[in-house]
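Laboratory data are not the source of any read-out in this text; all were calculated from the coordinates shown. For clarity, every value in this text was computed on a predicted model and none was experimentally measured. Cβ sites come from the backbone with ideal geometry, for glycine too, and all protein chains shown count toward neighbours.
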Amino acid sequence: MNKKLIPVMLCFFAMGFVDMVGIASNYVKEDLALSDAMANTLPSLVFFWFLIFSIPTSLLMNKIGRKNTVLLSLVMTLAAMLVPMFTVDFTMLLLSFSLLGIGNAIMQTSLNPLVDSAMSGGASASTLTFGQFIKSIASFIAPIIASWGATVGAFGLGWRVLYPIYLCIGILATLLLFGTRIKEEPAAQEQKSVAQQFAEAFALLKNPFVLFCFLAIICHVGIDVGTSITAPKILMERTGIGLNEAAIIGTIYFVAKAAGSFSGTFIMNYLKDWTFLLVSVLMMLAAVVGLVVGESTAVIYASVALMGYGNGNPFSIIFARALQASPGKKNEVSGLLIMGIFGGTVFPLIMGIASDAMGQVGAVLVMTLGIFYLLGYFVAYRRK
């Protein structure tokens, strides 16, 4: 293995810190006695920053380089890990989640190009897939650590013990990356302004298929974030167990999602990607049926696992098809679709309002609308 990839892979782990927002928002809701709508503003705030920072990050990379841009994102992520160690004040948590969102938006945009530099221009799909696997480890162990911390009252921090653990890993990633020499190709001489980049990206929405892809990414991410937030609440509402026990369902979701992504790379060697997309969406529809009517722990666990597996591949399929639809505008399309991660803001806000009014069934129904949109996307996608 290329030694330069070791710190880069640790950065992928740090990228996975963003997925702690689901379990963290549930503990904050319990600690501060918040409504679902209020608690869901925390994860919504994290993903809001993708709308603002995705496109400007490409300009920043051209000015200070890919490695320095990733280092900046790590510093912001470390700051986000520090704040909750000292307070659970709602205002300060809003600051922490904002820093996490800004750092992650910058990292998501700059880390894949850095892999290309570390591999001397030869970044392979398998390397990037392995990076996503490393990211998924941070995603699925977060609920385990938080539950353990809350159960044993670790170091007087409870569930917040998650933050110093991830802080230490983040510091290690930052130091290793800082000390690693990675040669980067020089940036192009002509640079477009941020305003020009935004204008070019949004102009692509005039293409109906690109617009359809953009909205599909919003739905996919909204369902992803919404499931991680809502699944523990469903388990508590239906079975009467506490949050410390229910937190494990977040791990089940992320493990199933990682399994879906990993197996999808092999399955699509035998199935057309649009066929696998249909299978994935139908699995998600079956999952929401279980989440609406399921009363037992086993049914809810199985439904969440099915949702995770089904939601493991739509992003890559949609992303690839959108790039193919605009071969001369791949950079602009890529920036636009990364902005679609903003769906992690839209869905939790609506789901919080719906669950306050109808219970967790209301939140699941909001996700169902997103899944039906993905089914409609399949119809359009098949025709391309």
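Summary of values
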{"read-out": "Qualifying trypsin sites (Lys or Arg not before Pro) for segment 223-320 [loop in DSSP, other Cβ within 10 Å: at most 13]", "value": "272"}
{"read-out": "Peptide ranges 39-47, 354-362 listed from the most packed, as the mean C-beta count within 10 angstrom indicates", "value": "39-47, 354-362"}
{"read-out": "Rg ratio (alpha-carbon, reference 2.2 N^0.38 Å) - the chain", "value": "0.94"}
{"read-out": "Full-stretch length increase - residue 62, residue 298 - with 0.36 nm per residue and alpha-carbon distance subtracted", "value": "79.9 nm"}
{"read-out": "Residue 357 paired with residue 268, simple spin-label distance in nm, labels 7 Å along Cα-to-beta-carbon", "value": "3.7 nm"}
{"read-out": "Cα-based equivalent ellipsoid of segment 193-384: semi-axis lengths in Å, sorted from largest, via gyration tensor", "value": "31, 19, 13"}
{"read-out": "Along the chain, longest interval not containing exposed GluC sites (Glu not before Pro), exposed being DSSP loop plus at most 11 other Cβ atoms within 10 Å", "value": "1-189"}
{"read-out": "Loop chymotrypsin sites (Phe, Trp or Tyr not before Pro), segment 269-355 (other Cβ atoms within 10 Å of the site Cβ: 15 or fewer; DSSP)", "value": "270"}
{"read-out": "Segment 1-179 - convex hull of the alpha-carbon atoms, volume per residue in Å³", "value": "114 Å³"}
{"read-out": "Segment residue 155-residue 89, length gained on full extension (0.36 nm per residue, minus Cα span)", "value": "21.9 nm"}
{"read-out": "Violating pairs (Cα-Cα greater than 28 angstrom) within the set 183/272; 135/233; 63/206", "value": "183/272; 63/206"}
{"read-out": "Dipole of segment 193-384, positive end: most advanced residue of 305, 373, 353 [Cβ charges, Cα centre]", "value": "373"}
{"read-out": "In nm, spacing of pseudo-spin labels at residue 169 and residue 184 (7 Å Cα→C-beta vector)", "value": "2.5 nm"}
{"read-out": "Per-residue [θ]222 nm for the chain (sum of -39500 (n - 2.57) over DSSP H runs n ≥ 4, rounded to 500)", "value": "-26500 deg cm²/dmol"}
{"read-out": "Cut-off 14 Å between beta-carbons: net charge of the residues surrounding residue 69, Lys and Arg +1, Asp and Glu -1", "value": "+1"}
{"read-out": "Per-q log10 I(q)/I(0), segment 121-275, q = 0.09, 0.20 Å⁻¹ (Debye; single scatterer per alpha-carbon; no solvent)", "value": "-0.51, -1.28"}
{"read-out": "Relative contact order %, the chain, counting alpha carbon pairs below 8 Å whose residues are six or more apart", "value": "26 percent"}
